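The values are calculated or read from the model by the stated rules, or taken from the named source; none is laboratory data. Not measured: the values here are computed from a predicted model. Note: ideal-geometry Cβ built from the backbone for every residue, glycine included; neighbour counts use all protein chains shown. Surface accessibility is based on the protein's heavy atoms, side chains included, excluding ligands, DNA and RNA. Shrake-Rupley method; radii C 1.70, N 1.55, O 1.52, S 1.80 Å.
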Amino acid sequence: MEEAEPDQRGREVVQPAVNLPAALFTDQYGRRHRSLRISIIDKCQLRCTYCMPAQGLPWLPPAKLLRVAEISRLARIAHAGGVRDFRITGGEPLIRRDVCEIVREIATLGTAEDPIDLALTTNAVLLDKFAKDLKDAGLSRINVSLDTLRPERFKKLTLRDQLGRVFAGLASAKEVGLFPIKLNTLLMPGVNEDEILDLVDYARREGFELRFIEQMPLGNNPWNGSTIITQVEILEKIAEKHVLTEVPGRGSAPAATWYVDGGPQKIGVIASVTRPFCGGCDRLRLTADGMLRTCLFSDRETDLVTPLRSGASDLEIAQLMGLAVHEKEPGHLIGKAGFKLPKRGMSAIGG
Ligand code: SAM
Ligand code: SF4
């Protein structure tokens, strides 16, 4: 029988009727999957040169995008299977006008006794318009991608003159309290690597948690193992000016973190290339057109949208998800023999 109980924000929600065994989302390497990244759109208004070509990509037709009720149902099934960590992403998720409705739906899955973490990753160009409504809808926190603090450089890097909008978005996020606000910075040699220390200072001043990302062979970049800025290089640069102390207890988090000068400021590095964290990976990804992926670097996709739109039960969909989890590869092969560039880029999978 379905039972109604109050969610984190005091509303009545119907709990999923389906009861799933904990083992369903545990793969053959013992990794239990607790995190789901949901891409709600593949389109973006920026053209970060490492992510997208200047002309954009062939966008999904609107009818192919999962609708709010479909996203909500898949999130509910994932929740029944043990997922507690939800990230909304894209493309650029704030381009979708119903983004707050999606947040509101997913937020109902958390209760005071069994909370969820619900975050959104954005380029922040439209964040000043959405911050309050996102907060009211139940968003826990926000991740903002910011690769440079210099307007001219931003324009060159994203092919759009929008850095002022990003700062306005960050100010709004602060004002409404979407904390912690995390900044994600992708460093590239000869492009923005000279801003490492400026970004650390900026994040400290603003109270943001800064994470540097190693560039991966995905999307529009002419990737070559020797053209990325590595975790070692990033830490060496920061250590020229600051004392770094590693924060213990990383768990399955993709970022390793360090206190800067004893804290409370922390910086992180997502070293997917030089320090892969596949062994502890607990992530699943849902593309905007309803495909479940278990790894950024595997082209294996499980079609959830067809069964969803042709009357499958929650249990049948959960079983398809469980099968995909069971078949998850042990890890990516970046830099090794046998590596193949995934067919979809980061913006089409969901970053
Ligand atoms: N548009 C939103 C944004 O930029 O935050 C969400 C989607 S974007 C694809 C998510 C993240 O993926 C961004 O932080 C971006 O820097 C990162 N990204 C894109 N291409 C990448 C690559 N080749 N390697 C590592 N990170 C990448
Ligand atoms: Fe858009 Fe994000 Fe890709 Fe930049 S990284 S082009 S903001 S999807």
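Taking all protein chains as shown and a probe of 1.4 angstrom, T274 keeps an accessible surface of around 60 Å².
On the chain, 53 percent of the accessible area sits on carbon and sulfur atoms, based on a 1.4 Å probe. Using a 10 Å Cβ count of at most 11 others and DSSP loop calls, identify the longest part of the chain lacking such GluC sites (Glu not before Pro). Counting only loop sites that pass the neighbour cut-off, the longest clear stretch is 114-239.
Let me make sure I get this right: for the stretch 232-351, a, b and c are the square roots of the gyration tensor eigenvalues over alpha carbons, sorted descending. Under 1.5 in a/c it's rounded, otherwise prolate if a/b > b/c, else oblate. Which is it?
Cα axes put the stretch 232-351 in the prolate bin.
For the pair the stretch 38-96 and the stretch 250-272, the centres of their Cα atoms are 27 angstrom apart. This model, with +1 at the C-beta of Lys and Arg and -1 at the C-beta of Asp and Glu, gives the stretch 39-91 a dipole about its Cα centre of some 100 debye. Based on protein heavy atoms only, the chain ends up with 44 Å² per residue of surface accessible to a 1.4 Å probe.
Using the Cα gyration tensor of the stretch 176-242, with a ≥ b ≥ c the square roots of its eigenvalues, what is the shape: rounded (a/c below 1.5), prolate (a/b larger than b/c) or oblate (neither)? The shape class here is oblate.
Lys and Arg at +1, Asp and Glu at -1: add these up for the other residues within a Cβ distance under 10 Å of I229 and post the number. Can you show the working numbers first?
On the way: positive: K237; negative: E193, E214, E233.
With Lys, Arg at +1 and Asp, Glu at -1, the net is -2.
Per-residue surface analysis assigns H326 an accessible area of about 90 Å², computed on protein heavy atoms at 1.4 Å probe radius. Since only L120, L134, L94 are under comparison, the one whose Cα sits farthest along the positive direction of the charge dipole of the stretch 89-134, derived from C-beta charges on Lys, Arg, Asp and Glu, is L94.
Using the Cβ-Cβ distance between E175 and N224 with R0 set to 35 Å, the FRET efficiency from 1/(1 + (r/R0)^6) comes to roughly 0.25.
Ligands, DNA and RNA aside, D299 has an accessible area near 70 Å² when probed at 1.4 Å. Database remark: amide H of I38 closer than 5 angstrom to the amide H of R87, I88, T89, L286 (H placed geometrically; neighbours at sequence offset of 5 or more, or on other chains; Pro and chain starts carry no H).
For A239 and S313, the FRET efficiency from 1/(1 + (r/R0)^6), where r spans their Cβ atoms and R0 equals 56 Å, is about 0.55.
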